[in-house]
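Participant: First the structure, which I've put down as structure tokens, then a few questions once you've had a look.
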Amino acid sequence: MDPHTARCRGLQRRKPRTGLATIAALALFFVFATNAAWSDSTDLPRNGGRVTDEARIISPGVVSELQKLLSTHEKKYSNLVFVVTLTSLRGNDIKTAAHELGRYWNIGFGTGSRNVFFIISPTERQVRIHVGKELQTPLSDAIAARIIADTIVPHFRDGRFEQGILDGARMVVSTLENQGATDELDPGSILFLSLAAGSVFLAIFNIRRRRRRRATGEPNIQHQDSTMRGDNEGGSPDSDGEGDGSGGGSGGW
């Protein structure tokens, strides 16, 4: 065998080694990528129950008070409300942070969900009420945003985090329980109350309109009320829902 032929055969025998090296490199890359992804997910706090205080802004006494409030509500209405404080949002907006935390804790917000996250991140000065699908009627996007703006944020701006969290949790629970009390009425009672309220409203409206016509000499012309036409000068609140079916509201201070 001449030297040239021997050298060519040697190169052919070494090709599988190159292939094995490539496979090994790809395997190592996959391992590192998997570890990086796992590190990102496990960077989130573990589920601490009804109250998870990663930011350490809630005293033990207030934690106990919150746990009692949320536990009592859960037993009576089967709604799960979680209070969560985060050290940071991990580079996300607060809606995405709530979504990712729900996935990590295996807590859903889609069809059939009766879960609520009340999330606070003092570092980014952001707060969110993240609402499951089945609770979006009593705790709508607009109501969640109003609770944040009127009840929670004023306390947070003054540095009263515990009071803001307590009052916010109480307002969320109260809103859900008021709807629950309405749901417990039988259909006949609801119909009667609706008709009675409507009759009172129409009577008051007609009396005021007659008085206005007498005072101004306005002719008796039937006007269609703007609310009946569906006009809404102020506009309606934008839906805050995510791809997971959640709703809710967010705010900052």
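Participant: Please determine, by comparing only the residues of the range 91-124 that are within 9 Å of the chain's Cα centre (by Cα) and aromatic (Phe, Trp, Tyr), which one is surrounded by the fewest Cβ atoms within 10 Å (Cβ to Cβ).
Facilitator: Phe117
Participant: Can you tell me which of (1) more than 16 Å from the chain's Cα centre (by Cα); (2) assigned to a loop (DSSP other than H, G, I, E, B); (3) among the β-branched types (Val, Ile, Thr) is the one Thr72 doesn't meet?
Facilitator: Condition not satisfied by Thr72: (2).
Participant: Something else: Every residue in the range 63-102 that is of a type in the set (A, V, I, L, M, F, W, C) and either more than 14 Å from Ala169 (Cβ to Cβ) or out of contact with any strand residue (DSSP E or B) (no Cβ under 9 Å at 6 or more places or on another chain) (or both), please.
Facilitator: Those that are of a type in the set (A, V, I, L, M, F, W, C) and either more than 14 Å from Ala169 (Cβ to Cβ) or out of contact with any strand residue (DSSP E or B) (no Cβ under 9 Å at 6 or more places or on another chain) (or both): Leu86, Leu89, Ile94, Ala97, Ala98, Leu101.
Participant: Of the residues that sit in the range 59-78 and are in contact (Cβ under 8 Å) with a residue 40 or more places away in the chain and farther than 12 Å from Phe118 by Cβ, which one is surrounded by the most Cβ atoms within 10 Å (Cβ to Cβ)?
Facilitator: His73
Participant: Return yes when Pro138 is over 17 Å from the mean Cα position of the chain (by Cα) and surrounded by fewer than 19 Cβ atoms within 10 Å (Cβ to Cβ) and no when it is not.
Facilitator: No; evaluated as a whole, the condition is false for this residue.
Participant: Residue check: is Val83 touching a helix residue (DSSP H, G or I) at 6+ places or on another chain (Cβ under 6 Å), modelled with pLDDT of 95 or more and either in a helix (DSSP H, G or I) or not β-branched (Val, Ile, Thr) (or both)?
Facilitator: no
Participant: Wholly within the range 124-183, which helices (runs of 4 or more DSSP H) include no fewer than the required count, namely at least 1 residues that are among the hydroxyl-bearing types (Ser, Thr, Tyr) and under 19 Å from Arg50 (Cβ atoms)?
Facilitator: Passing ranges, in order: 161-183.
The values are calculated or read from the model by the stated rules, or taken from the named source; none is laboratory data. Keep in mind the model is a prediction, meaning the values are calculated, not measured. Please note: Cβ atoms are built from the backbone with ideal geometry, for glycine as well, and neighbour counts cover all protein chains shown.
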